[in-house]
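Accompanying notes for the structure given below.
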Amino acid sequence: TATWLDHHAKHKLREKLKQEKLTAGQFQEIAASHSPRNKSKKEDETICLAEFLCTELEQLGLVNVEHLDDLVRRFHELDTDMDGEITLEEAKEGGWVMAN
């Protein structure tokens with residue numbers, strides 16, 4: 001029974017994802033606003049995997065945009081050299097990873 005329920009829930013999720021549509025304006029807004037990257041003009045017309053995941057999770061009601069914004073802010077606090085990645089040293093300095 002649990003297997004059937006899991007399968008049914010996955011099927012419903014897939015169907016919901018297929019039915020979701022964005023307008024071109026919504027797509028461009030996501031591409032321009034969610035990314036911490038310094039984007040070129042071409043990148044303003046693209047959505048990366050992280051932006052896609054955030055958008056889908058929000059639309060599915062699994063997270064809200066305020067929580068995502070808080071997570072992005074926290075990432076930027078830890079990414080002190082602003083290169084788009086958190087090093088172990090940055091994580092330790094920011095208190096995210098315990099220092100040895």
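The values are calculated or read from the model by the stated rules, or taken from the named source; none is laboratory data. Here the structure is a predicted model, which is why all the values come from computation and not from measurement. Glycine gets a Cβ as well: all are built from the backbone with ideal geometry, and neighbour counts include every protein chain shown. These accessible areas exclude ligands, DNA and RNA; they are computed on the full protein's heavy atoms, side chains included. Shrake-Rupley method; radii C 1.70, N 1.55, O 1.52, S 1.80 Å.
Can you give the longest stretch of the chain with no exposed loop site, where a site means GluC sites (Glu not before Pro) in a DSSP loop (not H, G, I, E or B) with at most 13 other C-beta atoms within 10 Å?
Details: sites that count: Glu20, Glu85.
The longest such stretch corresponds to 21-84.
Give a quick list of trypsin sites (Lys or Arg not before Pro) in segment 47-100 that DSSP marks as loop, anything other than H, G, I, E or B, with at most 14 other Cβ atoms within 10 Å. Please list the in-between numbers first.
On the way: sites: Arg73, Arg74, Lys92; in loops: none.
Answer by residue number: there is no such site.
Leaving ligands, DNA and RNA out of it, report the carbon-plus-sulfur percent of the accessible area of the chain at a 1.4 Å probe.
Numbers: 4670 of 8050 Å².
That fraction is 58 percent.
Just to confirm the number: angle between the C-alpha axis of helix 65-78 and the first principal axis of the chain, 0 to 90 degrees, nearest 10?
Relative to the chain, helix 65-78 is tipped by roughly 30 degrees.
Picking from Ile47, His8, Val97, whose Cα lies most toward the positive end of the charge dipole for the chain (charges on Cβ: Lys, Arg +1; Asp, Glu -1)?
The residue sitting most towards the positive pole is His8.
Take every Cα-Cα pair in the chain and report what % of them are more than 17 Å apart.
Numbers: 3184 of 4950 pairs.
Everything past 17 Å amounts to 64 percent.
What is the angle, in °, between the Cα long axis of helix 24-33 and the longest principal axis of the Cα atoms in the chain? Nearest 10 is fine, range 0 to 90.
Taking Cα atoms only, the helix is inclined about 30 degrees.
So what is the calculated 222 nm ellipticity per residue for the chain, using -39500 (n - 2.57) for each DSSP H run with n of 4 or more, over all residues, to the nearest 500 deg cm²/dmol?
Values: 5 runs with 59 residues, N = 100.
Here the helix-only value at 222 nm equals -18000 deg cm²/dmol.
In a GNM of the chain with a 10 Å cut-off on Cα contacts, which of His67, His76, His11 has the highest mean-square fluctuation?
Greatest mean-square fluctuation among the candidates belongs to His11.
Per residue, what accessible area does the chain have, given a 1.4 Å probe and all protein chains present, in Å²? Intermediate results must be reported in sequence, preceding the final value.
Working: 8050 Å² over 100 residues.
That works out to 81 Å² per residue.
Report, to the nearest 10°, how far helix 2-19 tilts away from the longest principal axis of the Cα atoms in the chain, using its own Cα long axis and a range of 0 to 90°.
80 degrees
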